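Note sheet for the following structure.
The values are calculated or read from the model by the stated rules, or taken from the named source; none is laboratory data. As the structure is a computational prediction, the values presented were derived from the model and not from experiment. Counting neighbours? That spans all protein chains shown, and the Cβs are built from the backbone with ideal geometry, glycine included. Each accessible area value is taken on the protein alone, full model and side chains, heavy atoms only, with ligands, DNA and RNA left out. Shrake-Rupley method; radii C 1.70, N 1.55, O 1.52, S 1.80 Å.
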Amino acid sequence: MRKVKWGVLGAAKIAVTRVIPAMQLGDCCEIVGIASRDREKAGKAARELGIPKAYGSYEEMLADPEIEAVYNPLPNHLHVPWSVRAAEAGKHVLCEKPIGMNTAEARQLLEARDRTGVAIGEAFMVAVHPQWARIIELVRGGRIGELRSVVGTFSYYNVDPANVRNVREWGGGGLMDIGCYPIKTSRMVFGEEPARVFGAMTRDARLGGVDVLTSAILEYPQGHCVFTCSMQLQQQQSMRFYGTKGRIEPEIPFNATPGGTSRITIDDGRDLTGGGRAVEEFAACDQYTLQGDRFSRAVREGGAVPVTLEDSLRNMAVIDAVVRSAETGKWEKPAGWL
Ligand SMILES: NC(=O)c1ccc[n+]([C@@H]2O[C@H](COP(=O)([O-])OP(=O)(O)OC[C@H]3O[C@@H](n4cnc5c(N)ncnc54)[C@H](OP(=O)(O)O)[C@@H]3O)[C@@H](O)[C@H]2O)c1
């Protein structure tokens, strides 16, 4: 397959440290250019990463006919506007999570995709990691009986007011940044949508009111997911899937070590000290490489991108409902995704 020629919108930390190096290792991606609001910053990133072209504005990169696809790692409030502009320039778009500021805004991407005919998808890299395909296979195959309960945590400590995550009007806050992962992975494994959700949020007035501690209950037809996410707790991530006959847990659910092996534990629960525990290990891989290659194949060969916009809108609708519930103090139904 001829490699897809990619351009990157913004010299974002996630792009320069993780996603670009990983895509460069893939079979299907060629990173041709990187754009920054600051030409020198773009040039430095290009030199360091061996990228041939650097642009001093996003517009300049979108006007380059050599760029076929764009990776958008801008702050959350710029996901939809710049992805729409990229689509209108005829570029395919892989856009960082969360897909937008809310479901209503994200719907613009569906319209842009259908109007322009380009591929647009969310960069929810966990969706392509083999450990999740295996967890889904084991759960659907009945290995833990009937899945009834999912319990997740995701946290880190970041009180830097200059960080994009601590700017509320840019889509900051823990739910948007990391709460989206327990929502996404519980939806993946249940294979259905929560009918209603309940949320509680603690906001930090010193940081403009971003949510720094959010907990939610997602009520699925088959069972419950409860999760807590926080930008002001020690670094932690876990997802535990409890069934009537056992439990499955990935060692590192979301930020699997790039190029490292991954493990999941399956416990049949015969005793509380691990007597029924089995560990499955996965060959070393990088979920960002897999994501870039899968997206590029969809561009060249047709077929679905790894995370479709329809799926992203459903995830966003759950995020919106958690926010609404935290405000109303009532259960809220995810809505408005199609
Ligand atoms: N999938 C994952 O594993 C993962 C991990 C981390 C982050 N993310 C997502 O990636 C995105 C970026 O996160 P990050 O931590 O890499 O952020 P970051 O380092 O702050 O990068 C954001 C970039 O956006 C550009 N930008 C444009 N307008 C801006 C503005 N008004 N303020 C600040 N920056 C602006 C800047 O690039 P220029 O100055 O070069 O124009 C900046 O470098 C977020 O949406 C986040 O959710 C995903």
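Evaluate the relative contact order of the chain (contact order divided by residue number), counting alpha-carbon pairs under 8 angstrom at least 6 apart; express in whole percent.
Reported as a whole number, the value is 19 percent.
Order of 292-303, 259-270 by packing, highest average Cβ count within 10 Å first?
Averaged packing, sorted descending, gives the order 292-303, 259-270.
What part of the accessible area of segment 47-147, given as a whole %, is carbon or sulfur when the probe is 1.4 angstrom?
Here carbon and sulfur together make up 49 percent of the probe-accessible area.
Relative to a virtual label point 7 Å from the Cα of THR265 in the Cα→beta-carbon direction, which members of segment 272-297 show backbone nitrogen distances below 18 Å?
Only 272-282 fall inside the zone, counting backbone N under 18 Å.
What are the ³J(HN,Hα) values, in whole Hz, obtained from phi via the Karplus relation 6.51 cos²θ - 1.76 cosθ + 1.60 with θ = phi - 60°, for each residue of segment 237-242 in sequence order, with x given for Gly and Pro?
Working through the residues one at a time gives 8, 7, 9, 10, 10, 9 Hz.
Kindly report the accessible area of segment 263-338 per residue (heavy atoms of protein chains, probe 1.4 Å, no ligands, DNA or RNA), in Å². Please list the in-between numbers first.
Working: 3660 Å² over 76 residues.
Value for segment 263-338: 48 Å² per residue.
For the chain, what does the helix formula give at 222 nm: sum of -39500 (n - 2.57) over DSSP H segments with n ≥ 4, over the residue count, nearest 500 deg cm²/dmol? Present the calculation step by step, with values, prior to reporting the outcome.
On the way: 9 runs with 102 residues, N = 338.
Only helices count here, giving -9000 deg cm²/dmol.
Can you tell me which of ASN255, ASN102, ASN76 moves the most in a GNM of the chain? Springs connect C-alpha atoms under 10 Å apart.
It is ASN255.
Could you let me know the centre-to-centre spacing of segment 58-105 and segment 244-302, using Cα atoms, in angstrom?
29 Å
Among 315-323, 128-136, how do they line up by average Cβ neighbours within 10 Å per residue, starting with the highest?
By packing density, highest mean first, the sequence is 315-323, 128-136.
Just the number, please: carbon plus sulfur as a percent of the accessible area of segment 151-209, 1.4 Å probe, no ligands or DNA/RNA counted.
Heavy-atom surface of segment 151-209 belonging to carbon and sulfur, 1.4 Å probe: 56 percent.
Over segment 17-104, with the other protein chains present, what is the accessible area per residue in square angstrom, probe 1.4 angstrom? Don't jump to the answer; show the numbers that get you there.
Numbers: 3510 Å² over 88 residues.
Result: 40 Å² per residue.
By a straight-distance test (C-alpha under 17 Å), which aspartates and glutamates pair with LYS53 as possible cross-link partners, with residues fewer than eight away in the same chain excluded?
GLU30, ASP38, GLU40, ASP64, GLU66, GLU68
Can you tell me how segment 89-199 classifies by the Cα gyration tensor, rounded, prolate or oblate, using a/c under 1.5 as the rounded cut?
oblate
Could you give the size of the charge dipole of the chain about its Cα centre, using +1 on the Cβ of each K and R and -1 on the Cβ of each D and E, expressed in debye and rounded to the nearest 20?
160 debye
Full-extension gain between ASN158 and ARG203, please, as 0.36 nm times their residue separation minus the C-alpha to C-alpha distance.
So the extension gain works out to 14.8 nm.
Need one word for segment 169-265: rounded, prolate or oblate. Basis is the Cα gyration tensor (sqrt eigenvalues a ≥ b ≥ c); a/c below 1.5 gives rounded, then a/b vs b/c decides.
oblate
Obtain the nm distance between the two label points defined at ARG240 and GLU111 by a simple spin-label model: each point lies 7 Å from its Cα along the Cα-to-C-beta direction.
4.5 nm
Considering only Cα-Cα distances, which of the following residue pairs are longer than 21 Å: LYS13/LYS44; LYS13/LYS97; LYS97/LYS330; LYS44/LYS91; LYS184/LYS245; LYS41/LYS97?
LYS97/LYS330; LYS44/LYS91; LYS184/LYS245; LYS41/LYS97
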